[in-house]
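Asker: I have a structure here, written as structure tokens, and I will follow up with some questions on it.
Read the figures in this text as sums done on the coordinates, not as results from a lab. A quick note: this is a predicted structure, and the numbers were derived from the prediction, not measured. Cβ atoms come from the backbone with ideal geometry, glycine included; neighbour counts cover every protein chain shown.
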Amino acid sequence: MTLEKEFKLKRLILDDSKIFEEFIETQKHPLSAYSFISIYIWKDIFNFYWRIFEGALCLFAKYGLNVFMYIPPIGNGNIKNAIEWSFDLMKTYNKNKKVIRIENIEEDKIRMFNSLGYKISLRGYEYIYNAKSLIELKGNSFKDKRSAYNYFVKNYEYSYEDFKKDYTNECLKLYRIWQDMRLKKFKDQFFRVLTEDSFSAHRCAMENYSKLKLIGRIVRINNRIKAYSLGFKLNEDIFCILFEIADLSVKGLSKFIFRESCKEYKDFKFINTLDDSGLDNLKKVKLSYKPAILAPSYIATID
């Protein structure tokens, strides 16, 4: 059984971005998953397939032998019928019924899924901040962050530059350095797998930097890239910081590139830094920046 023949799905390619953008733009979404960029960069981990069913865009992710929906059906079509059709597809295709699910459901869609009889559970939260707050870092709660930022500025000779695709290899080498340092501290297998999967997403984003319309910055010290940040416009109000990596041995560098990047996104009301991947340490860091909104993400499953 193949997804293309039996279910008339199309394999996702880079040229599909315009189609996705048209459907996504029918409504403002706070979650980063509602972006072609956030989907496409994971193409080396998931095989993505899509189809327009009764005017709704339906996106599926194949992982091994299993298929699930990465986001619920979107657009101005018959969303309820598209949801029912999508669950029927997954029931037919998946031998393991436990993997059948629709991920990244926004809070305002919960009632609709409940009305259709599906079980809803919380997946996690994305951290959304007032852009002005991240730029100014005012108040005692940001004292340590200001101190680290100022330490870096006073003690290092650096350059803050635009990212270029030519920097991909050097940035990926920095990622491996960062990864090794993190794995020495966090030795569980989940974190190891997570960082390895993320490496492929970083690589995909950099290799397709211009075509995906990403915005990136790097920091050089002694002519070597020591930090990088990549992000994108989610909508008129929200900018998403997709990736941020810094050499952890350089004091204050991570605080510096985060704040400097945020300064460039001052025209946006909010900045979304995505979720915490279920990692307590990352959750603690994200909460320390005082998010204005914790945007929940839900999963729908069958009983």
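Asker: With point charges of +1 on the Cβ of Lys and Arg and -1 on the Cβ of Asp and Glu, referenced to the Cα centre of segment 3-117, which listed residue (SER17, TYR93, ASN114) lies farthest in the positive direction of the dipole?
Answerer: TYR93
Asker: Near LYS5, which lysines are there with a Cα under 21 Å away, not counting those fewer than 8 places off in the same chain?
Answerer: LYS43, LYS62, LYS91, LYS95
Asker: Give or take rounding to whole Å, what are the principal axis extents of the alpha carbon atoms in segment 207-274, in descending order?
Answerer: So the extents along the principal axes, rounded to whole Å, are 36, 25, 18.
Asker: If you don't mind, there's one more thing I want to ask. Ignoring GluC sites (Glu not before Pro) that are buried or in helix or strand per DSSP, and keeping those with at most 12 other beta carbon atoms within 10 Å, what is the longest stretch of the chain between them?
Answerer: Details: sites that count: GLU157, GLU236.
Free of exposed loop sites, the longest segment is 1-156.
Asker: Now for a different question. With a bin width of 5 angstrom, please list the P(r) values of segment 127-294 as percents of all Cα-Cα pairs, from the 0 bin to the one holding the largest distance.
Answerer: 1, 8, 17, 21, 22, 18, 10, 2, 0
Asker: Could you work out the helix-only [θ] at 222 nm for the chain, with each DSSP H run of four or more residues adding -39,500 (n - 2.57) and the total divided by the number of residues, to the nearest 500 deg cm²/dmol?
Answerer: Values: 11 runs with 116 residues, N = 303.
Mean residue ellipticity, 222 nm, calculated: -11500 deg cm²/dmol.
Asker: Under unit Cβ charges (Lys, Arg +1; Asp, Glu -1), what dipole magnitude, rounded to 20 debye, does the chain have relative to its Cα centre?
Answerer: Working: 52 positive and 39 negative charges, 187 e Å.
So the magnitude is around 900 debye.
Asker: Just the Cα atoms of the chain: what Rg and Dmax do they give in Å?
Answerer: For the chain, the Cα radius of gyration and maximum Cα-Cα distance read 20.1, 62 Å.
Asker: A further question follows. In the Gaussian network model of the chain, springs joining C-alpha atoms below 10 Å, which of LEU12, LEU287, LEU57 carries the largest mean-square fluctuation?
Answerer: Of the options given, LEU287 has the highest mean-square fluctuation.
Asker: Same structure, new question: Going toward the positive end of the dipole of segment 3-117, with +1 on Lys and Arg Cβ and -1 on Asp and Glu Cβ, which of GLY75, SER38, TRP50 do you reach last?
Answerer: Towards the positive end, the residue furthest out is TRP50.
Asker: Also: Might you report the magnitude of the Cβ-based charge dipole of segment 7-137 about its Cα centre, with Lys and Arg at +1 and Asp and Glu at -1, to the nearest 20 debye? Numbers along the way, then the final one.
Answerer: Working: 19 positive and 15 negative charges, 144 e Å.
Charge dipole, segment 7-137, about its Cα centre: 700 debye, nearest 20.
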